[in-house]
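For reference, the structure is listed below as structure tokens.
The values are calculated or read from the model by the stated rules, or taken from the named source; none is laboratory data. Note that this is a predicted model, so its numbers are computed, not measured. Neighbour counts run over all protein chains shown; Cβ positions are idealised from the backbone, glycine included.
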Amino acid sequence: MHASLMGLLTAAAAGEPSATLHPLYWVGFLAFVALMLAIDLGIFHKEARGMSAKEAVTWFSVWVSLAGVFAVIVYFWLGSAKALEFVAGYLLEESLSVDNIFVMVLVFRSFKVPGKYQHRVLVWGIIGAVVLRAALILGGTALIHRFHWMNFIFGGFLVFTGIKLFFEGDDDDEEEDMKDGRVVRLLKKLVPTADDFDEQKFFTVRNGKRLATPLFIVLLVVEVTDVIFALDSIPAIFGVTTDPFIVFTSNIFAILGLRTLYFLVSGMIDQFRFLKYGLAVILTFVGAKMCAHDWYDVSIVVSLAVIAGVLVVAIVTSRLFPEKHEEKS
């Protein structure tokens, strides 16, 4: 199994400097991730409670700082090009994760999950996301390097997704539909579920029967949602770099900060009215870049400038021109 995994990594990223990294580097990075999660979740946040804005800012700053330190390490280790690829990939994945937060907010609101229980769902959701993203990244990298035409498939998909996101309207009934949607109905058929919560437990015993709680269904919905969003974000980062180590590390750093980012922006998510359009522009740009790679190579510096610039414009515009809510009589 070990030999086959390393063979896949090497074949998947043939020609990239970090493709031949010793397995210990991968193991070392995963050990670092496990250690930070253990410190974060096992020491500072082991109780069932929400996270204050001040605490969310502090921890989000910690994750961003660690990503910055890692970028410096990559700079001295693999060179400036790889460091820029990591920064662009991290910024791209972090920005796309905001769209994921929109859905998480809807899920928690729809199921009326108390704030102190949301933390546990996010914790296990992050752990599941790390495993799922690793599998998708390995598979996607292998496809990109073995079948060059996959660049056009991924790129075209991103362009389509970006245009669709730009023109799709807001669905006022989305929050209500989520709790009774087809995915949730299917999950409840497969997993016998209790009608109410049992504190922060995923399973409970009612009338001698072991049942899943609605919190477990929420966790499954969050995991399914992450897979759906990964179908956008993974091809998107391939438009920045196809180096598996850079793709994986930038993804993981973005995921590690997702929980604190949720508590940071969930209360003011409605204030970023133009962020969706910014993400649409970024996806379209990255997709077009992948499709045109054979004829015109957009430098990593330009890619980073476009991604950062579009995000800044979307956020600043949202703050300058907030949405006006009409009072309903």
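In this structure, does F253 turn out to be modelled with pLDDT of 80 or more, assigned to a helix (DSSP H, G or I) and either small (G, A, S) or in contact with a helix residue (DSSP H, G or I) (Cβ under 8 Å, 6 or more places away or on another chain) (or both)? It is true that F253 is modelled with pLDDT of 80 or more, assigned to a helix (DSSP H, G or I) and either small (G, A, S) or in contact with a helix residue (DSSP H, G or I) (Cβ under 8 Å, 6 or more places away or on another chain) (or both). Somewhere in the stretch 81-97, is a residue under 30 Å from D198 (Cα atoms), in contact with a helix residue (DSSP H, G or I) (Cβ under 8 Å, 6 or more places away or on another chain) and touching a residue at least 60 places away in the same chain (Cβ under 8 Å)? Yes, the stretch 81-97 has at least one match. Evaluate the stretch 46-53: report whether one residue or more is buried (at least 21 other Cβ atoms within 10 Å of the Cβ), in contact (Cβ under 8 Å) with a residue 40 or more places away in the chain and closer than 25 Å to F272 by Cβ. Yes, some residue in the stretch 46-53 is buried (at least 21 other Cβ atoms within 10 Å of the Cβ), in contact (Cβ under 8 Å) with a residue 40 or more places away in the chain and closer than 25 Å to F272 by Cβ. Residues that are of a type outside the set (S, T, N, Q), free of Cβ contacts under 8 Å to residues at least 40 places away in the same chain and not in a helix (DSSP H, G or I) are absent from the stretch 219-241 altogether.
Candidates A129, A135: the one that is closer than 22 Å to F245 by Cα and surrounded by fewer than 18 Cβ atoms within 10 Å (Cβ to Cβ) is A135. Scanning the stretch 65-103 for residues that are buried (at least 16 other Cβ atoms within 10 Å of the Cβ) and β-branched (V, I, T) turns up V74, V87, V98, I101, V103.
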